[in-house]
Amino acid sequence: MNAPAVRIAQKSTPTLIADALREDIQAGRLAAGTALHQTALAERFGVSRIPVREALRQLETEGAIRYVPSRGAIVTTYGADEIRERFEMRAELEPLALRLALPHLTPATLRAAEREMDAMRDETDVARWGKHHATFHRLLYEPAKRPHLLAIIESLYISVAVSLTPATLPDHMRAHDGEHRALLDACARGDVDAATAAMRAHLAGTLERTLAARGLV
């Protein structure tokens, strides 16, 4: 008997464009305040303006870009109060996701998270480091099985990532190592209180570095 066909989900063109632009923003190749012209983007990706427009809508929903009168779409730039507000939200939602996920974390998941942490330690490319960092946190949150919660967390993460600058990212990346280690050790022990405390400490440190990167402290 023939095996059933396997359906492979494929990303739409707008989503692929949004992914590429999001990576450029997180890597600092598109700095805060940069204008995103639909015609130029359509030429870059070899498509019409329609999928570009949809990709920009996706990024606007995430908070990575915003529309400004007479300028159109620009990479979002936040003030200190806006950055703090997003971290306040993250400080509530990410410990919640971790608390829900922790009873379901397996040794295999913890080993995978440790590999991502080790990869971050040795990585010098900002874009690749960002992918390892996102995967590290996703591995710790996904066992919570709260897709809407995780979507909000990811949106908040993307929105504050644009607040960093290429010149300050290396120091920002290195500072994460000890905080990630404390977080992962607490998860490995199954210590919910220690893990959520480590998460809040990590976010507090990240907020401080983010504000410093923008000269807002």
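Key figures
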{"read-out": "Per-residue Cβ neighbour rank within 10 angstrom, fewest leading, 50, 65", "value": "50, 65"}
{"read-out": "For 217, 75, 52, order by how many other beta-carbon atoms lie within 10 Å, fewest first", "value": "217, 75, 52"}
{"read-out": "Cα-based shape type of the range 13-75, given that a ≥ b ≥ c are square roots of the gyration tensor eigenvalues and the cut on a/c is 1.5", "value": "rounded"}
{"read-out": "Relative packing of peptides 42-49, 127-134, 94-101 - highest average C-beta neighbours within 10 Å first", "value": "94-101, 127-134, 42-49"}
{"read-out": "DSSP H segments from the chain that extend 30 Å or more along their own axis, Cα-based, with Kyte-Doolittle mean of -0.5 or above", "value": "80-101, 192-213"}
{"read-out": "Shape category assigned to the chain from the gyration tensor of Cα positions, a/c cut at 1.5", "value": "oblate"}
{"read-out": "Residue 185/residue 20 FRET efficiency (R0 45 Å; Cβ-Cβ; nearest 0.05)", "value": "0.80"}
{"read-out": "For the chain: relative contact order, % (alpha-carbon pairs under 8 angstrom, 6 or more apart)", "value": "25 percent"}
{"read-out": "Burial order of peptide ranges 103-110, 193-200 (average beta-carbon count within 10 Å, highest first)", "value": "193-200, 103-110"}
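Just so you know, all these numbers are worked out from the coordinates, no wet-lab data involved. These figures come from a predicted structure and were not determined experimentally. Virtual Cβ from ideal backbone geometry, glycine too; neighbours counted across all protein chains shown.
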